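Q: Here it is, the structure, as structure tokens.
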Amino acid sequence: MKALVLQGIKDLAVQDYELPSIKPDEVLVHTAFAGICGTDKALYAGLPGSASAVPPIVLGHENSGVVAKVGAAVTNVKVGDRVTVDPNIYCGQCQYCRTQRPELCEHLDAVGVTRDGGFAEYFTAPAKVVYPIPDNVSLKAAAVIEPISCAMHGVDLLETHPYQTALVIGDGFEGQLFAQILKARGIHEVTLAGRSDEKLANNRKHFGVKTINTTKEEIPADHFNVVVEAVGLPATQEQALAAAARGAQVLMFGVGNPDDKFSVNTYDVFQKQLTIQGAFINPYTFEDSIALLAAGKVDPLPLFSHELDLNGVEDFVAGKLGKVSKAIVKVGGEEA
């Protein structure tokens, strides 16, 4: 089979790769589509993702496909099922797993990070992280259930109510997903702040959110009940705190540089009684994410800007592609 292999730092190559075998509790998936994430950029550059990737490794942790083979112990899916895969595999034995915080697992394994993933014609995963998708959800949309599920986890950590106003800072793919999910959760007014007129206009058109172009407009101070920071830069993290109203919840979702720091006015945290929350990966949010897609409450397809093949992935992770909202890789050619 063909696979795109990370051979070292900034070294990707399409190779002939041995078809993987499966254990009794595993599934072999014929890949249809694989999303490309900022984490893939980090792994390409030698930085860690949810865990560290040790070359040679096949990346691709946002995946959809068709079940090609199942192990003897598998009962939740069968050959021919259309599926999506949660890449994160928890040990189930550490303190965090045993106290209902598996996202903090001390022995996290991940498809496309610590084991071969979806930038290949076939990949394997434990059956427990393989989810069938309904007939009305396309394989293309299903490939990005993982990033939807990460945003779902962030929203799950918040207390949301219809009366609230919400701000999402960052018009990248995750920020745009947050805007949709917050609306789906019933928040009556959601504002997306970013720097791309094209992306902001697209979100106004398709999803009815308010928008702020931060290159031309100021974000109102002390205004929003819920603020999601989806960039990961000190400047936008400070913007998030400044935009928060009294009693607000601020979700720090954007992945920052490990050495970055941002300033916090401690009196503001005290006087506004702010809740500042981090969010890491996506524990058990695939079912909700699939349901939102099936119900039409979240639609990632208008956010896709680039469809690539395996040979085009390196251009993305190397930063050679411009005006990317979301790039997806057509691996197996399945359209259904």
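The values are calculated or read from the model by the stated rules, or taken from the named source; none is laboratory data. Please read all numbers here as calculations on a predicted model, not as lab measurements. Cβ sites come from the backbone with ideal geometry, for glycine too, and all protein chains shown count toward neighbours. These accessible areas exclude ligands, DNA and RNA; they are computed on the full protein's heavy atoms, side chains included. Shrake-Rupley method; radii C 1.70, N 1.55, O 1.52, S 1.80 Å.
Q: Which whole-Hz couplings ³J(HN,Hα) result when phi for each residue of the range 235-240 is put into the Karplus expression 6.51 cos²θ - 1.76 cosθ + 1.60, θ = phi - 60°, listed in order with x for Gly and Pro?
A: So the Karplus estimates, Gly and Pro as x, are 5, 6, 5, 5, 4, 4 Hz.
Q: OK, next. Counting other Cβ atoms within 10 Å of each Cβ, which trypsin sites (Lys or Arg not before Pro) in the range 93-179 have at most 12 and sit in a DSSP loop?
A: Passing both the DSSP loop test and the Cβ count: no residue.
Q: Could you tell me what percent of the DSSP beta bridges with both partners in the chain are antiparallel, to the nearest 5?
A: Numbers: 34 of 60 bridges.
Looking only at bridges with both residues in the chain, the antiparallel portion is about 55 percent.
Q: Percent of accessible area on the chain owned by carbon and sulfur, 1.4 Å probe?
A: Answer for the chain: carbon and sulfur cover 48 percent of the accessible area.
Q: Show which aspartates and glutamates lie in cross-link reach of LYS210 when reach means a straight Cα distance below 19 angstrom and same-chain residues fewer than eight apart are skipped.
A: Filter leaves ASP171, GLU174, GLU189, ASP197, GLU198, GLU218, ASP222, GLU229, ASP299.
Q: Follow-up question, since we're still on this one. Need one number: convex hull volume per residue for the range 35-128, Cα atoms only, in Å³.
A: Working: hull volume 10.3 nm³, N = 94.
Taking only Cα atoms, the range 35-128 has a hull volume of 110 Å³ per residue.
Q: Follow-up. What's the local net charge at GLN237, with K and R +1, D and E -1, over the other residues with C-beta under 10 Å away? Write out the running numbers ahead of the final one.
A: Working: positive: LYS261; negative: GLU229, GLU238, ASP260.
After counting each charged neighbour, the total is -2.
Q: Moving on. Cα-Cα over 24 Å: which of LYS23/LYS128; LYS140/LYS205; LYS23/LYS140; LYS69/LYS297?
A: Distance filter (> 24 Å) returns LYS23/LYS140; LYS69/LYS297.
Q: Where a Cα-Cα gap under 26 Å defines reach, which lysines qualify for LYS10, not counting those fewer than 8 residues away within the same chain?
A: Candidates past the 8-residue exclusion: LYS2, LYS41, LYS320, LYS323, LYS326, LYS330.
Q: Now for a different question. To the nearest 20 debye, what charge dipole does the chain have about its Cα centre, counting +1 at the Cβ of each Lys and Arg and -1 at the Cβ of each Asp and Glu?
A: The dipole magnitude comes to about 440 debye.
Q: Can you give me the long-range amide H partners of GLY332? Hydrogens built in the peptide plane at 1.01 Å from N, cutoff under 5 Å, separation of 5 or more residues or another chain.
A: Placed amide hydrogens put ALA32, PHE33 under 5 Å from GLY332.
Q: May I pose another question? When the C-alpha atoms of the range 231-336 are aligned to their principal axes, what extent does each axis show, in angstrom, from largest down?
A: Taking max minus min along each principal axis of the Cα atoms, the range 231-336 gives 55, 36, 23 Å.
Q: Let me ask another. Apply the Karplus parameterisation 6.51 cos²θ - 1.76 cosθ + 1.60, with θ equal to phi minus 60°, to every residue of the range 257-271 and state each ³J(HN,Hα) to the nearest whole Hz, in sequence, with x for glycine and proline.
A: Those phi angles translate into 4, x, 9, 6, 9, 10, 8, 10, 7, 5, 5, 4, 4, 5, 6 Hz.
Q: Using the Karplus curve 6.51 cos²θ - 1.76 cosθ + 1.60 with θ = phi - 60°, what ³J(HN,Hα) values do you get for each residue of the range 155-172, in whole Hz, with x for Gly and Pro?
A: 5, 4, 6, 9, 9, 10, 9, x, 5, 6, 10, 10, 10, 10, 9, x, 9, x
Q: Still on this structure, please answer the following. Considering amide H positions built from the backbone, and no H for Pro or chain starts, which residues 5 or more places from LEU192, or on another chain, come under 5 Å of its amide H?
A: Amide H neighbours of LEU192, under 5 Å, 5+ apart: VAL168, LYS210, THR211, ILE212.
Q: Show the residues, 5+ positions off or on another chain, whose built amide H is closer than 5 Å to the amide H of THR165.
A: Correct list: ASN225, VAL226.
Q: For a quick check of your reading of the filter: which GluC sites (Glu not before Pro) in the range 296-336 sit in a DSSP loop and have no more than 15 other Cβ atoms within 10 Å?
A: Listed in order of number, the matching sites are GLU335.
Q: Put +1 on the Cβ of every Lys and Arg and -1 on every Asp and Glu Cβ in the chain; which of VAL250, SER305, VAL113 then has its Cα farthest towards the positive end of the dipole?
A: VAL250
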